[in-house]
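Below is one structure; the comments refer to it alone.
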């Protein structure tokens with residue numbers, strides 16, 4: 001089986017497309033839109049730069065570090081290229097954050113520093129994996145984008161942002177728990193055997209494809225739902 005439902009056959013340009021984890025990157029960038037749209041008057045230029053910063057830090061840097069550490073997608077991208085992508089993208093994201101802080105509030109630098117730390121600590125599993133847990137996934141890739149985008153717009157932490165951050169963290173925890181099961185089957189199982197005997201006496205075979213089908217459909221549906229919600233909020237604020 002492929003290591004992920006969205007991954008392409010390994011080799012060449014396809015490795016770089018797979019590296020982006022596009023469905024999940026879109027999912028978590030939607031949190032940026034949700035956070036930014038919590039204010040009545042959105043600064044769209046700042047919104048665009050916030051999305052760009054998270055696309056670089058989360059979509060490229062975090063995933064490059066993840067692939068560099070254990071090759072979960074099985075790409076053939078050289079390690080030095082992965083390292084360069086991670087360092088360059090993270091530096092660019094931080095530079096965007098610093099520039100935004102210069103225009104808005106110096107307190108935004110705290111979010112920039114936290115973001116850099118989370119990308120490195122989570123994906124390289126620093127401190128023996130202390131920051132590579134379900135809880136940290138929900139906080140780092142769910143609550144943090146919402147709170148950062150909202151703070152960049154409002155220049156303060158609002159109760160609306162805290163509640164929206166809780167929503168994003170909980171939804172990200174659901175994503176994590178579904179995807180953990182899928183990754184276990186797709187990336188670690190060598191063979192799956194068994195049957196399900198139904199009340200009417202019929203039997204259904206248990207296969208690897210059967211085990212991942214339902215959670216993957218749920219993940220695909222949740223991705224579409226989150227993107228649709230973010231798009232609706234953007235339309236409301238336009």
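Taken together, the values in this text are just the output of simple stated rules run on the coordinates, not laboratory data. A quick note: this is a predicted structure, and the numbers were derived from the prediction, not measured. Note: ideal-geometry Cβ built from the backbone for every residue, glycine included; neighbour counts use all protein chains shown.
Counting only helices (runs of 4 or more DSSP H) that sit completely within segment 1-118, those holding 3 or more residues that are farther than 20 Å from residue 132 by Cα correspond to 13-19, 22-36, 44-54, 79-103. Restricting attention to segment 156-180 and to residues that are under 14 Å from residue 145 (Cβ atoms) and under 13 Å from the mean Cα position of the chain (by Cα), the residue that is surrounded by the fewest Cβ atoms within 10 Å (Cβ to Cβ) turns out to be 171. A residue that is closer than 20 Å to residue 33 by Cβ, crowded, with 22+ Cβ neighbours inside 10 Å and touching a residue at least 24 places away in the same chain (Cβ under 8 Å) can be found somewhere in segment 120-141. If the condition is being within 30 Å of residue 30 (Cα to Cα) and in contact with a helix residue (DSSP H, G or I) (Cβ under 7 Å, 6 or more places away or on another chain), then segment 184-219 contributes 185, 186, 211, 212, 215, 216, 218, 219.
Keeping to segment 1-25, report how many residues are in contact (Cβ under 8 Å) with a residue 40 or more places away in the chain, in contact with a helix residue (DSSP H, G or I) (Cβ under 8 Å, 6 or more places away or on another chain) and more than 27 Å from residue 210 (Cβ to Cβ). Qualifying residue count, segment 1-25: 2.
Can we say residue 156 is more than 25 Å from residue 221 (Cα to Cα) and touching a helix residue (DSSP H, G or I) at 6+ places or on another chain (Cβ under 6 Å)? For residue 156, the condition - more than 25 Å from residue 221 (Cα to Cα) and touching a helix residue (DSSP H, G or I) at 6+ places or on another chain (Cβ under 6 Å) - is not met. For segment 181-208, residues that are part of a helix (DSSP H, G or I) and surrounded by 13 or more Cβ atoms within 10 Å (Cβ to Cβ) total 7.
So which residues in segment 142-155 are within 12 Å of the chain's Cα centre (by Cα) and closer than 25 Å to residue 103 by Cα?
Pass one, segment 142-155, residues within 12 Å of the chain's Cα centre (by Cα): 142-145.
Listed by number, the residues that qualify are 143, 144, 145.
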